[in-house]
1. Filter the range 256-305 down to the residues that are within 25 Å of the chain's Cα centre (by Cα) and farther than 18 Å from residue 316 by Cβ and list them by number.
2. Is it the case, given these coordinates, that residue 46 is assigned to a strand (DSSP E or B) and over 24 Å from residue 156 (Cβ atoms)?
3. Taking residue 52 and the conditions (1) within 23 Å of residue 123 (Cβ to Cβ); (2) touching a residue at least 24 places away in the same chain (Cβ under 8 Å), which numbered condition does it fall short on, given that it satisfies the others?
4. For residue 114, all conditions in the list (1) modelled with pLDDT under 95; (2) at negative phi hold save one; what is the number of the exception?
5. Being over 25 Å from residue 391 (Cβ atoms) and either assigned to a strand (DSSP E or B) or outside the structural domain of residue 329 (by TED's automatic domain parsing) (or both) is the filter here, so list the residues in the range 250-268 that pass it.
6. Determine which single condition residue 221 fails, assuming it passes every other condition in (1) modelled with pLDDT under 95; (2) closer than 21 Å to residue 336 by Cα.
7. If you scan the range 411-420, which residues turn out to be within 18 Å of the chain's Cα centre (by Cα) and surrounded by fewer than 16 Cβ atoms within 10 Å (Cβ to Cβ)?
8. Which residue out of 332, 323 is touching a helix residue (DSSP H, G or I) at 6+ places or on another chain (Cβ under 6 Å) and either at positive phi or modelled with pLDDT of 95 or more (or both)?
């Protein structure tokens with residue numbers, strides 16, 4: 001005898017706890033429209049945006065008016081010859097980053113989509129807010145990832161979308177769930193925009209509180225500071241540099257000790273509070289490693305051809321040894337503040353990592369290159385004032401980031417418990 005599966009979510013609104021179980025359906029059975037965007041090539045124009053999967057992010061349609069392409073009204077009308085986007089159509093990415101969703105609003109700018117985005121319009125038995133949330137759920141996302149992995153190219157075909165298993169309750173419960181996630185998404189979006197606004201504000205301050213290239217005074221200064229900044233080589237204002245090594249991986253007695261060992265992948269452009277690996281005293285002695293004290297500035301010096309590594313740095317919040325991909329810098333305290341060095345390098349690190357590194361396939365710094373980097377400095381008193389202000393902004397950004405991550409984790413938990 002086959003065991004019957006109860007299609008009931010772990011978490012349910014009280015008024016629906018005694019209502020019928022949910023019903024499993026194929027997506028094609030509950031939609032009036034399921035299609036992908038245009039497959040054609042279109043000339044640049046000035047009428048409507050032609051967007052792709054990269055424009056669907058964090059539950060929103062993201063349009064950059066300076067970068068995103070526009071097409072002509074003729075091409076736009078040709079794309080929508082047989083159908084029109086309507087309010088609440090569900091958009092889902094099916095090429096590249098799979099499974100990102102957003103609801104189209106009829107107040108959105110005039111736009112069309114390339115084939116990397118599919119359009120889903122539920123029938124009268126389906127609430128679109130619920131449909132978006134159920135597609136966001138772990139159960140449906142796993143189906144999408146599985147379909148993508150079976151394709152010759154990284155993508156999901158319309159035929160795969162049609163076969164998605166969707167579990168739905170009665171319409172009244174769908175509406176309740178859909179509205180719940182709609183409000184939660186609005187709250188997350190509000191915090192996302194708040195974070196982006198603070199990050200943009202800090203970026204604006206950075207551009208005004210440091211001199212432009214070729215100049216020796218910034219646009220914005222704290223009261224009481226009027227002296228011109230001085231152009232120096234970094235090597236002239238530091239006491240030393242140090243980068244580490246890796247103890248032999250073939251010696252078990254060198255690893256899993258109680259001495260922190262840090263790699264550049266753990267530099268987070270903030271305070272580094274943990275190291276993922278530890279070594280023993282024997283490992284430290286074998287690689288001739290010194291322990292770098294907390295409050296030291298450390299920067300990534302290898303693998304800088306990768307955008308995610310280039311410009312990486314941090315302030316140590318722990319005592320630790322380093323591997324060969326990290327360089328610790330020890331400022332002359334009479335000339336250079338560690339916190340100012342940190343804020344300065346966060347600003348220039350991406351650019352310097354492109355302009356001044358060496359290597360063919362792998363881009364890297366060495367000690368001599370680092371010493372030869374240009375840095376424009378005020379007196380230490382002004383450095384401290386600037387770095388304190390920017391550190392306070394960093395703290396605010398980190399706080400807002402943690403709040404946003406908490407909300408996102410809450411949503412993930414609800415998605416896991418409120419769908420089957």
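1. Within the range 256-305, 302, 303, 304, 305 meet the criteria.
2. So residue 46 fits the description; yes.
3. Unmet condition: (1).
4. For residue 114, the failing item is (1).
5. Residues satisfying the conditions are 255, 256, 257, 258, 259, 261.
6. Here residue 221 clears every test but (1).
7. Filtering the range 411-420 down to residues within 18 Å of the chain's Cα centre (by Cα) leaves 411-412.
Result: 412, single match.
8. That would be 332, the only listed residue that is touching a helix residue (DSSP H, G or I) at 6+ places or on another chain (Cβ under 6 Å) and either at positive phi or modelled with pLDDT of 95 or more (or both).
The values are calculated or read from the model by the stated rules, or taken from the named source; none is laboratory data. Predicted model only: the values in this text are computed from it and were never measured. Ideal geometry is used to build each Cβ from the backbone, glycine not excepted, and the neighbour counts take in all protein chains shown.
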